[in-house]
Amino acid sequence: MPITQYIFFFLTFVAIFSAILVVIDKNPVHSVLYLIVTFFALAGHYLLLNAQFLAAVHIIVYAGAIMVLFLYVIMMLNLNKEIEPHKKNIPKFAAVIASGVFMLCLIALLTNAQKGMLPAAQNENIGLVENLGKVLFREYMLPFEVSSILFLAAMVGAVFLSKKEIN
Amino acid sequence: MNNVILNIPIQWYIYLTVILFSIGVLGVLFRRNAIIIFMCVELMLNAVNLLMVAFSRYLGDSGGQVFVFFIMVVAAAEVSVGLAILMMIYRNTKSIDIDDLNKLKW
């Protein structure tokens, strides 16, 4: 078995195991930490797929910014204890059954979508910064600029929502 | 590193992302804490991102990776606004249990 398959199985195991722990763990701070582990495993998958730029951006944006934001909110709301009241079991069973059926449906749908291997790509350097930057600033210039407006709107919205009311 | 597409079938990535997406769906349905629900939405977004990167690599088209870049942009904006809304909810109701937010339910 080639070494890449070992790496794939290891990263897959880490990602799925810590994703399950995100859902199961009662403490929100532990959930955030397990989600960071999942994101690192996904960054390893990106590296395995030769998408170095996206792996770096993924680590910086998700593990560096978004998860820190989650931790700040949890600490500001003082939620770092198990406050979740005990619920009835019927909604939990319904949730497990519904998502399990959903997963089975998706797998049954996609397992016959493409038999065997796709044709091997000729260019294996498409994930590098140089090539991705050329594509981004030539073909996707307008969406890139529009996303800056989106960020401005999100920033104004976040500041407006979280400020105290004056009167 | 550069012979991934010869050793790993695309099906394995499909199965991995389907499982991750289903775990995200399970978390949204299973938990009552609004912050955990947000984190499970992030998990679903990341499953889709991984599938797009995998197809982009296997088909040799860099458009998929640019789309993943834009999905990350939208996710960052969504998280900042969503957490601000959560702070607002907590300030008004002193709880982030989504069962308490039934004002719009008839």
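The values are calculated or read from the model by the stated rules, or taken from the named source; none is laboratory data. Predicted model, so just to flag it, every value in this text is computed and none were measured. Glycine gets a Cβ as well: all are built from the backbone with ideal geometry, and neighbour counts include every protein chain shown. Heads up: the accessible areas ignore ligands, DNA and RNA and are worked out on the full protein's heavy atoms, side chains in. Shrake-Rupley method; radii C 1.70, N 1.55, O 1.52, S 1.80 Å.
What total accessible surface area, summed over both chains, is buried at the interface between chains A and B, computed with a 1.4 Å probe and given in Å² to the nearest 100?
Values: alone 13900 and 8000 Å², together 14310 Å².
Roughly 7600 Å² of accessible surface disappears when A and B pair.
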Where only protein heavy atoms count, and the probe is 1.4 Å, what is the accessible area per residue for the range A:124-167 in Å²?
-> 76
Tell me the label-point distance for the pair B:N7, B:T93, using the 7 Å Cα-to-Cβ offset, in nm and rounded to one decimal.
-> 5.0
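Which whole-number value in Å² is the accessible area per residue of the range A:1-82, probe 1.4 Å? Write out the running numbers ahead of the final one.
Details: 3630 Å² over 82 residues.
Here the per-residue accessible area is 44 Å².
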By its C-alpha gyration tensor, with a ≥ b ≥ c as the square roots of the eigenvalues, how is chain A shaped: rounded for a/c under 1.5, else prolate for a/b larger than b/c, else oblate?
-> oblate
Ignoring ligands, DNA and RNA, how do A:S99, A:S148 rank by accessible area with a 1.4 Å probe, largest first?
-> A:S148, A:S99
Leaving out ligands, DNA and RNA, what percent of the accessible area of the protein assembly as shown is carbon and sulfur, probe 1.4 Å?
-> 72
What Kirkwood radius, in Å to one decimal, follows from the Cα pairs of the range A:124-167?
-> 13.0
From other protein chains only, count the Cβ atoms within 10 Å of every residue's Cβ in A:129-142, then give the mean.
-> 2
Positive-end residue of B:F55, A:L110, A:L21, charge dipole of the protein assembly as shown with Cβ unit charges = A:L21
Of the range B:59-80, those with amide N under 14 Å from the point 7 Å along the Cα→Cβ vector of A:V146 are B:67, B:70-71, B:74
P(r) over all Cα-Cα pairs of the range B:6-106, 10 Å bins from 0 to the longest distance, whole percent per bin, short to long, reads 14, 34, 29, 16, 6, 1
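Pull out a ≥ b ≥ c, the square roots of the eigenvalues of the alpha-carbon gyration tensor of the range A:1-82, then state rounded if a/c is under 1.5, prolate if not and a/b is larger than b/c, and oblate in the remaining case.
It is oblate, given that a/c is not under 1.5 and a/b is not larger than b/c.
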Per residue, what accessible area does chain B have, given a 1.4 Å probe and all protein chains present, in Å²?
-> 40
FRET efficiency, A:F160 to A:H30 (Cβ-Cβ, R0 41 Å, nearest 0.05) | 0.80
Karplus (6.51, -1.76, 1.60) ³J(HN,Hα), θ = phi - 60°, over the range A:13-21, in Hz, Gly and Pro reported as x | 4, 4, 5, 6, 4, 6, 5, 5, 5
Calculate the spin-label point distance for A:Y72 paired with A:V129, positioning each point 7 Å from the Cα along the beta-carbon direction, and give it in nanometres.
-> 2.6
Estimated FRET transfer efficiency (A:A56, A:I3; beta-carbon r; R0 35 Å; 0.05) | 0.95
